[in-house]
Amino acid sequence: MTSRKRLNVAMIGQGFMGRAHSNAFHQVGHFCESSYELNLKVICGRNQPQLKAMAARWGWEEVASDWEAVVGRKDVDVIDICTPNYLHAPIAISAAQAGKIVLCEKPLAMSVEEAERMANAAQNVPTLVWFNYRRVPAIALAKRLVDEGRLGQIYHYRATYLQSWGADPVNPDAWRFKQSEAGSGAMGDLLSHSIDLALMLNGSLDEVSALIHTFTPGREVDDAVLLLARFANGSVGSFEATRYAIGCRNRNYFEIHGANGAIRFDLEDLNHLNVFDAGDTAEVQGSHNVLVTGPGHPYTSRFWPPGHILGYEHTFILTLADFLQSLENNEKFHVNFQDAVNVQRVLHAVEESARTRAWASIAPQLAKR
Ligand SMILES: NC(=O)c1ccc[n+]([C@@H]2O[C@H](COP(=O)([O-])OP(=O)(O)OC[C@H]3O[C@@H](n4cnc5c(N)ncnc54)[C@H](O)[C@@H]3O)[C@@H](O)[C@H]2O)c1
């Protein structure tokens, strides 16, 4: 076996995403061929006792508390940013300037201006933004069907991202509710995912008409956001993202209707894609649930035999696997920082429309990826 190139990884932030990424760094080499080997070098965070326990459990070699010192280390090749949103830009820009490979959680930034600065700073280094839902096998199958023209001309794109914890937060003082640390609420947290998937599946958006609402008196960020949209391909869309959808824990849903058929996806049923083919003869016409675990389905052969289902964590493993493949092939990975600027441009128009109570156009985006 040829020797693999070792990349030393430093992770900044040790919370929910810290665990999801640590798992992916370990698992990617077990399931996906690569000429790169990831070494979990150092994990950086603020709570030292928790950090040490996390390092021991997940196999990080060292712990650190100063991200600037970590970014400056010569023996670190990859910086993975799992911090609250306001730290994404300073860490990413300084990591890119130090020539590191930069992985960053979503939303990329707090504003378009910040996102553009990050993309500019990182022009010469490989980047990844963790819009992990693109690598749900059922969503990758949806993309394949759309790209093959199986739906025909698209008429409607409908997406909802529904959570419920905003009404009864465990910690009402957490960074997610602070404007200065999160930038926004349901918008950057949830709508950003839906917009990224829409850009991938249905192409650029031209304009939006939006409503942003905060239910909790005194809360600094939005609890819910709703919008209508026009896409460049002539289709129309609606989006809703909320932390107040009582009864829904994490329902990331979309539905696309085209001239020749329709598809529907719900993250609460992650292994299925619901498909309707208008070409079926009338007596057997009806939507059916495809169990997207192979054979022939995207990604699934890397894991278990057909019918053996996958979960949330696989989306992070596959994102990383595709990224390592892009490094090996010297190709651009998607979603990279520049792609994520597109998402930020849509979010900016959403804010603008809600503020002015009028339609807002979206600054030109790059082609569909
Ligand atoms: N891809 C997804 O689906 C997904 C899901 C959840 C969160 N996220 C994103 O991931 C990021 C982190 O979210 P989370 O849920 O893991 O949050 P979290 O609150 O669980 O963890 C944040 C971590 O950042 C650390 N931190 C804060 N300030 C720091 C500093 N100055 N130096 C070093 N570490 C610092 C905290 O100690 C904590 O460990 C956010 O940008 C969020 O939007 C993405």
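Every read-out reported here was derived from the displayed coordinates using simple, explicitly stated rules and does not represent laboratory data. Given the structure is predicted, the values throughout are model-derived calculations rather than measurements. Positions of Cβ are backbone-derived with ideal geometry, glycine not excepted, and every protein chain shown enters the neighbour counts.
Each Lys and Arg adds +1 at its Cβ and each Asp and Glu adds -1 at its Cβ; summed about the Cα centre, region 5-132 shows a dipole of about 280 debye.
Think of the chain as a dipole: +1 on every Lys or Arg Cβ, -1 on every Asp or Glu Cβ, centred on the Cα centre; then among LEU201, TRP165, ILE79, ILE79 lies furthest on the positive end. Quick one: pull the percentage of alpha-carbon pairs in region 5-132 with a separation above 20 Å. Tail of P(r) above 20 Å: 39 percent of Cα pairs.
For region 101-111, the Karplus equation 6.51 cos²θ - 1.76 cosθ + 1.60, evaluated at θ = phi - 60°, returns couplings of 6, 10, 10, 9, 5, 8, x, 3, 8, 8, 7 Hz by residue, with Gly and Pro reported as x. Taking Cα centre as origin and charging only the Cβ of basic (Lys, Arg, +1) and acidic (Asp, Glu, -1) residues, the dipole magnitude of region 169-225 rounds to 160 debye. Given +1 at the Cβ of Lys and Arg, -1 at the Cβ of Asp and Glu and no other charges, the dipole of the chain around its Cα centre is 460 debye to the nearest 20. Computed from label points 7 Å out along Cα-Cβ, the spacing between ARG4 and LYS143 is 2.3 nm. Go ahead and run the numbers for FRET between ASN47 and HIS26, Cβ-Cβ distance against an R0 of 22 Å, rounding to 0.05. Using R0 = 22 Å, I get an efficiency of 0.50. What the Cα convex hull of region 65-148 gives, in volume per residue, is 122 Å³. Applying D = kT/(6 pi eta Rh) to region 118-200, where Rh is the Kirkwood radius over alpha-carbon pairs, T corresponds to 4 °C and eta to 1.567 mPa s, the Stokes-Einstein value obtained is 82 µm²/s.
Treating each Cα of region 210-369 as one equal point scatterer and applying the Debye formula with no solvent, the log10 of I(q)/I(0) at q = 0.11, 0.17 Å⁻¹ comes out as -0.68, -1.36. The reciprocal of the average 1/r between distinct C-alpha atoms defines the Kirkwood hydrodynamic radius, which for region 298-354 equals 14.0 Å.
For region 248-254, the Karplus equation 6.51 cos²θ - 1.76 cosθ + 1.60, evaluated at θ = phi - 60°, returns couplings of 10, 7, 7, 8, 8, 10, 8 Hz by residue, with Gly and Pro reported as x. Taking other Cβ atoms within 10 Å as a rough exposure proxy, HIS26, HIS88 sort from fewest to most as HIS26, HIS88. Across the chain, counting alpha-carbon atoms alone, Rg and Dmax equal 20.5, 67 Å.
How many lysine pairs are close in the chain, with Cα atoms under 28 Å apart and the two 8 or more places apart or on different chains? Lysine pairs, 8 or more places apart or on different chains, close enough: 27.
In what order do ILE246, ILE263 fall by count of nearby beta-carbon atoms within 10 Å, going from fewest to most? Please list the in-between numbers first.
On the way: ILE246 12, ILE263 26.
In increasing order of surrounding Cβ atoms, one gets ILE246, ILE263.
Counting charges near ARG6 (Lys, Arg +1; Asp, Glu -1) among other residues having Cβ under 12 Å from its Cβ returns a value of 0.
By other beta-carbon atoms within 10 Å, ranking LEU145, LEU191, LEU273, LEU291 with the fewest at the front produces LEU291, LEU145, LEU273, LEU191.
The modelled label-to-label distance for the pair GLN123/ILE309, using points 7 Å beyond Cα in the direction of Cβ, is 4.7 nm. The Cβ shell under 11 Å around ASP266 holds other residues with a net charge of -1, Lys and Arg each +1, Asp and Glu each -1.
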